[in-house]
Every structure is written in C-alpha cells, then in structure tokens.
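Participant: Handing you this structure, nothing more for now.
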Amino acid sequence: MTKRLYFESAYLTEWQTRVSRTLQRADGDYVVLEESAFYPHGGGQPNDEGTIQGIPVLDVISENDEVLHKVERLPDDTAVNCTVNWERRFDHMQQHSGQHLLSAVCRELYGAMTVSFHLGADYCTIDVERPEFTPEQLAAIELAANRHIYLNHEIVSYFVTGEEAAKLPLVKRPKLTENIRVVEMKDVEYNGCGGTHVSSTGEIGMIKLLKAEKQKGNTRVYFKCGYRALAEFNENQRILGVLTGKLKTSREGLAERIEKWEQEQKQLQQELANVRAINDEYLARELLSRREGGIVAHVFADKPLKDVQSLAAKLTADLDADALVLLATMAGNKAVMAHNGEAAVSCGAFFKEHLPAFNGKGGGSDKQAQAGFESWEETQAFVEFAKRTLGS
C-alpha cells in the first residue's frame, strides 16, 4: 500500500522514502514507493512528472491501493530521494481548481451541470448540460468566476465517511461509500474529488474562456487559468502588435482596416479573374492553332491544377467532336485529359488503366480526368504515352 502524500499537501515536492517493490512490464519499468507525492493520472487530471533518485518519472498510475511510477530505469538503491516537477504540478492545481470554480458558476447562474472535464497540455474543457450559451452568458460566467477568485475563498480537502458525506451538499453523490475525499471551496461548493488543488481561489490567478461549441447535445467550454491565461494574453498581444504594425493602424482601428483590406482583396481577385479569362482566350486560340492531329497538348511550368482544368474545359467547348485535350503542369506534377463528350475514349477509364505504370494516381469521368505523379519525369512520360496512344 502506498501512502499518498499529495492528499496531505499538494505543495509537497521533495521527500525521502523507500522502494517497496519494482515491476518490469512490457511497456517499461515501474517503481512502487512506500510514500508518494506523485499524482497518478485520473479524474480528468494528468499525472505528475519528476524524478526518483535523479531518474525521470515518465508516467504515474494508480492500481488498487498502490501508486506505480514508470521510470526510465530502475534505481540502484531502495532508499530514494524524490522530486515533483513543481511547475507542472502547480499548473495542474490552477487548472483543476479553476474547473471546480467554473463548473460551480455554470450551475449557479444557469443550472448547467458539468458532465466531463479534460485538462490538456494547451487548454482545458468542461462539457456542461446545456445546448448552448450566448456570448452574453459566457461573458457573465467568466466575470462571476473571476469575482470569486478576487474574493480569495479558502480551498480545503478532507476525508469523510459515507454518513458524513450524506449530510454535505455535494455536487454529485460519490460511488464510494467510505473514505470519501471532499474538496471544499468555502462559500462556493463541496465536491468529491481526488485531485490536487490550490489553497485558495486567489491562487487560480484568473480564468479566461476561449470559446464554446456544441458537443453531443451539450456545450463544451474551452478555458485557461493562471499562468496559462497570462501566456494566452501575452501571445494575443504579440499577434495584435504584429497585425497593427503591418496594417499601420491602432488596435481600435484594426477591425475596420481588415474589413477594408478584405474589400480590396475581393476587388483584386475579381480583376485577376478577368485578366485570366482574357489570357485564357488568347492561350486557347494559340493552342488550337498548334493542334497536332486529334490532340491539343501543352505543358505548363507553374499553372495551378484548377486553372489547367478550367482551360481544358474552355478548349473542349471550341474543339471538333472527336478531339482531345491533354494538358500537364509541373506545379505538383499534374495532368488533365478532356473532350466534349463525343470522343470514343473515356478519359477516366484510360487513366485508370494506364496510371499505375507511371506511378500516377487519379481518375475522373468519361469527359474529363486528372492525375498526380510522384515526379515530373513520370508525368512527362505519361503525357507522351497518351499522345502516342490516342493521337493516331
């Protein structure tokens, strides 16, 4: 049995103990300690990291009444010094305590119960029993949660019996009937929880909601607490500074400047489309004038596939009934074949039959097909093969 020191204090990060036993499993080596402050992953909270006798702890799991520590290698001695990664531990304490507070506010303001919690490496989420929140409601939740932080409610944890638990206004009735751990956020809530928490809401620092989205009839709320929220703010400020600098405007004028820029881009795109259409007209006439028998063939250096397909469609509209268009582009090693629907060959069937010999992948309909190749040499070889096979 492992004595779990993190229940006594989440702030303990260094201690000495003894190795009670070791295990060698298929996925690595494990150490069981007589006393451990390493939190095992569970309840939505990831495991602690740190060292045992200087050896990195890779994972921590709970099995029955023992805590198993996966290590890079087994220690040489049974008496060991242990250290928990405090930065990671305190981050998890901030996020988990923030989740308790955020869930309490969702219940208090809108009667929305939390059904799941995830503490990820980059952000946290709660899923609450509510179809959606309006922007105004999310703002009210965030403001109320941060007000509780400023009130600096004490957070304590303790174990109670089943009878004692029945007398407490717990958020959710625990499955355990004895030795139930309660995390009490004074004047806010009583919650059955085995995780690590800060000692007061003030240590959460702040709670920042990132977004909310629908999730299987519920709403998933993304958020960050404490140092994570500060890092998020700093990164947003950095990005904002870059944008205002490049667009030569203030923060207040950024939205208007971006809207103006979008209008300018739409106008430029339309002008570019008009120029491309005119250019395709001239290009189509030139290609038709250089037609070789029953095939109009050409290779482009950098024309995008979408533009090649558009040109092929234009050419087939101006060709004789039995003529083929065969175009290729070095941009992505692509090839397109097309006709107006009256030629004897099926473009899709031809590609399906012959592409494998040239390491090509693609397909299409009877009237048009496209393919991509691993190299330009294979693209070119396929085009030459198609010209020889279909140009006679």
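The values are calculated or read from the model by the stated rules, or taken from the named source; none is laboratory data. Just so it is clear, the model here is predicted, and its values are computed rather than measured. Cβ coordinates were reconstructed from backbone atoms using ideal geometry, including for glycine residues, and neighbour counts include every protein chain displayed. To get the accessible areas, we keep the full protein, side chains included, count just its heavy atoms, and leave off ligands, DNA and RNA. Shrake-Rupley method; radii C 1.70, N 1.55, O 1.52, S 1.80 Å.
Participant: Give me the pairs, please: first residue somewhere in the range 334-347 and more than 17 Å from Gly391 (Cβ to Cβ) and of a type in the set (Val, Ile, Thr), second residue anywhere and crowded, with 17+ Cβ neighbours inside 10 Å and at pLDDT 95 or above, beta-carbon distance under 9 Å, and either six or more positions apart or on two chains.
Facilitator: Every condition considered, no pair remains.
Participant: Tyr11 passes all but one of (1) farther than 15 Å from His197 by Cα; (2) assigned to a loop (DSSP other than H, G, I, E, B); (3) open to solvent by 50 Å² or more (accessible area, probe 1.4 Å); which number fails?
Facilitator: (1)
Participant: Taking the range 140-164 as the region of interest, how many residues are open to solvent by 60 Å² or more (accessible area, probe 1.4 Å) and either aliphatic (A, V, I, L, M) or modelled with pLDDT of 95 or more (or both)? Full working, then the answer.
Facilitator: Within the range 140-164, the first condition is being open to solvent by 60 Å² or more (accessible area, probe 1.4 Å), and the residues that meet it are 143, 147, 150-152, 154, 158-159, 163-164.
Cutting the leftovers down to either aliphatic (A, V, I, L, M) or modelled with pLDDT of 95 or more (or both) gives us 143, 147, 150-152, 154, 158-159.
Number satisfying all stated conditions: 8.
Participant: Restricting attention to the range 235-257, report how many residues are open to solvent by less than 60 Å² (accessible area, probe 1.4 Å) and in a helix (DSSP H, G or I).
Facilitator: Taking the range 235-257 and keeping what is open to solvent by less than 60 Å² (accessible area, probe 1.4 Å), we get 240-241, 244-245, 247, 249-250, 253-254.
Those still in the list that are in a helix (DSSP H, G or I) too: 240-241, 244-245, 247, 254.
Residues in the range 235-257 being open to solvent by less than 60 Å² (accessible area, probe 1.4 Å) and in a helix (DSSP H, G or I): 6 in total.
Participant: Checking Ala231 against (1) within 25 Å of His92 (Cα to Cα); (2) surrounded by 13 or more Cβ atoms within 10 Å (Cβ to Cβ): exactly one of these is not met. Which one?
Facilitator: Condition not satisfied by Ala231: (2).
Participant: Which one is surrounded by the fewest Cβ atoms within 10 Å (Cβ to Cβ), of the residues in the range 278-292 that are within 14 Å of Asp318 (Cβ to Cβ) and under 46 Å from the mean Cα position of the chain (by Cα)?
Facilitator: Glu281
Participant: List the strands (runs of 3 or more DSSP E) that sit entirely inside the range 310-392 and contain at least 3 residues that are among the β-branched types (Val, Ile, Thr), out of contact with any Lys or Arg (no Cβ under 8 Å at 6 or more places or on another chain) and at pLDDT below 90.
Facilitator: Numbers: elements: 324-329, 334-338, 360-364, 368-373.
By residue number, no strands (runs of 3 or more DSSP E) qualify.
Participant: Sticking with this one: Mind listing whichever residues of the range 73-89 are surrounded by fewer than 19 Cβ atoms within 10 Å (Cβ to Cβ) and touching a residue at least 24 places away in the same chain (Cβ under 8 Å)? Full working, then the answer.
Facilitator: Here is the first cut: in the range 73-89, the residues surrounded by fewer than 19 Cβ atoms within 10 Å (Cβ to Cβ) are 73-79, 81, 83, 85-88.
Within the range 73-89, Arg73, Leu74, Pro75, Asp77, Thr78, Ala79, Asn81, Thr83, Asn85, Trp86, Arg88 meet the criteria.
Participant: List pairs: first in the range 284-304 and at positive phi, second open to solvent by 50 Å² or more (accessible area, probe 1.4 Å), Cβ under 8 Å, 6+ apart or cross-chain?
Facilitator: Listed pairs, sorted by first residue: Gly293/Ser392.
Participant: Going residue by residue through the range 165-181, is there one that turns out to be open to solvent by less than 50 Å² (accessible area, probe 1.4 Å), out of contact with any helix residue (DSSP H, G or I) (no Cβ under 9 Å at 6 or more places or on another chain) and among the charged types (D, E, K, R)?
Facilitator: Going through the range 165-181, the residues open to solvent by less than 50 Å² (accessible area, probe 1.4 Å) turn out to be 165, 168, 170-171, 174, 180-181.
From the residues that got through so far, the ones that are out of contact with any helix residue (DSSP H, G or I) (no Cβ under 9 Å at 6 or more places or on another chain) too are 165, 168, 170.
This time we only want the ones that are among the charged types (D, E, K, R), so: none.
Checking the range 165-181: not a single residue is open to solvent by less than 50 Å² (accessible area, probe 1.4 Å), out of contact with any helix residue (DSSP H, G or I) (no Cβ under 9 Å at 6 or more places or on another chain) and among the charged types (D, E, K, R).
Participant: Does at least one position in the range 293-304 carry a residue that is part of a helix (DSSP H, G or I), open to solvent by 30 Å² or more (accessible area, probe 1.4 Å) and modelled with pLDDT of 85 or more?
Facilitator: There is no residue in the range 293-304 that is part of a helix (DSSP H, G or I), open to solvent by 30 Å² or more (accessible area, probe 1.4 Å) and modelled with pLDDT of 85 or more.
Participant: If a residue has to be on the phi > 0 side of the Ramachandran plot and not charged (D, E, K, R) to count, how many in the range 162-205 make the cut?
Facilitator: Selection size over the range 162-205: 2.
Participant: Ok, one more. Restricting attention to the range 55-70, which residues are within 16 Å of Asp29 (Cβ to Cβ), surrounded by fewer than 20 Cβ atoms within 10 Å (Cβ to Cβ) and touching a strand residue (DSSP E or B) at 6+ places or on another chain (Cβ under 8 Å)?
Facilitator: Residues of the range 55-70 that are within 16 Å of Asp29 (Cβ to Cβ), as a first pass: 55-61, 63, 66-70.
If we keep only those that are surrounded by fewer than 20 Cβ atoms within 10 Å (Cβ to Cβ) too, we end up with 55-56, 58-59, 61, 63, 66, 70.
Hits for the range 55-70 are Ile55, Pro56, Leu58, Asp59, Ile61, Glu66, Lys70.
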